[in-house]
Amino acid sequence: MLYPQLLRDDFVTLPGALRRFHSSPTARASGTVSVRHSNRWLARLIGFPRAGKRVAVELQVIAQPDSELWIRQFDGAERRSLQRLHQGLLLETAGPVRILFRVAADSSGMTLHSERARLWILPLPLRIDARAWGDDESWSFEVNIAGVGSYRGKMVPAA
């Protein structure tokens, strides 16, 4: 599992729903999100979910030997990415885009802040801040991409 390696001792402090989700070799969750676009053109260009309130979202994470495959479906539109460790940071790759995140965790939840983004080898001026917080049953989250938009919602792990 990727997140126990990434967060080390801080992993055990996460709220129960997040800790169990990130401890499973195949995890699923579902929920709803509200999606806002700051720039509709950029949002469409990078494959951001369509704007709306109460957009259905499904999440599946499949652990692989040295990475995790993340499959997100927003109202049926699928987005895939691969996450892995890279020099103490989280590297997320989606097609030709590579983003490095600094991840921190404590008993209130988890935060992710982008450190660097690239399109192939070209630097991207992309700033992403995300956080997740929850309890033993579910978690809430918020993702902000500067100049593009944001989404916020709640997820319930599959039984």
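The values are calculated or read from the model by the stated rules, or taken from the named source; none is laboratory data. None of the values given here were measured: they were computed from a predicted structure. Quick reminder, even Gly has a Cβ in these numbers, built from the backbone with ideal geometry, and neighbours come from all protein chains shown.
Which condition number does Arg102 fail, the rest of (1) surrounded by fewer than 16 Cβ atoms within 10 Å (Cβ to Cβ); (2) within 17 Å of Ile128 (Cα to Cα); (3) touching a Lys or Arg at 6+ places or on another chain (Cβ under 8 Å); (4) at pLDDT 95 or above being met? Evaluating Arg102 over (1) surrounded by fewer than 16 Cβ atoms within 10 Å (Cβ to Cβ); (2) within 17 Å of Ile128 (Cα to Cα); (3) touching a Lys or Arg at 6+ places or on another chain (Cβ under 8 Å); (4) at pLDDT 95 or above leaves (3) as the failure.
Would you call Glu68 modelled with pLDDT of 95 or more and in contact with a helix residue (DSSP H, G or I) (Cβ under 9 Å, 6 or more places away or on another chain)? Here the answer is yes, as Glu68 does meet what is asked. You will find that of Gly76, Gly88, the residue that is at positive phi, small (Gly, Ala, Ser) and at pLDDT 95 or above is Gly88 and no other. Just to be sure, is Val103 part of a strand (DSSP E or B), among the aliphatic types (A, V, I, L, M) and more than 15 Å from Leu6 (Cα to Cα)? So Val103 does not fit the description; no. Could you tell me whether Glu92 is buried (at least 16 other Cβ atoms within 10 Å of the Cβ) and acidic (Asp, Glu)? So Glu92 passes the test. Pairing residues of region 115-135 that are farther than 17 Å from Gly147 by Cβ with residues that are β-branched (Val, Ile, Thr) and at pLDDT 95 or above, at Cβ distances under 6 Å and at least 6 apart in sequence or on separate chains, gives Arg131/Thr111. Scanning region 92-120 for residues that are closer than 20 Å to Arg19 by Cα and of a type outside the set (Asp, Glu) returns Phe101, Arg102, Val103, Ala104, Ala105, Ser107, Ser108, Gly109, Met110, Thr111, Leu112, His113.
Scanning region 129-149 for residues that are buried (at least 18 other Cβ atoms within 10 Å of the Cβ) and in contact with a His (Cβ under 9 Å, 6 or more places away or on another chain), which turns out nearest to Leu112 (Cα to Cα)? Per the criteria, the residue is Ala130. Within region 25-75, the set of residues being in a loop (DSSP other than H, G, I, E, B) and aliphatic (A, V, I, L, M) comprises Ile46, Ala51. Determine, yes or no, whether Ala43 is of a type outside the set (Lys, Arg), at pLDDT 95 or above and out of contact with any Lys or Arg (no Cβ under 8 Å at 6 or more places or on another chain). For Ala43, the condition - of a type outside the set (Lys, Arg), at pLDDT 95 or above and out of contact with any Lys or Arg (no Cβ under 8 Å at 6 or more places or on another chain) - is not met. Taken together, the criteria exclude Arg98 from residues that are in a strand (DSSP E or B), more than 20 Å from Ile71 (Cα to Cα) and free of Cβ contacts under 8 Å to residues at least 24 places away in the same chain.
Residue count for region 46-67 under the criterion of being within 25 Å of Pro125 (Cα to Cα) and either in contact with a Leu (Cβ under 8 Å, 6 or more places away or on another chain) or of a type outside the set (D, E, K, R) (or both): the result is 5.
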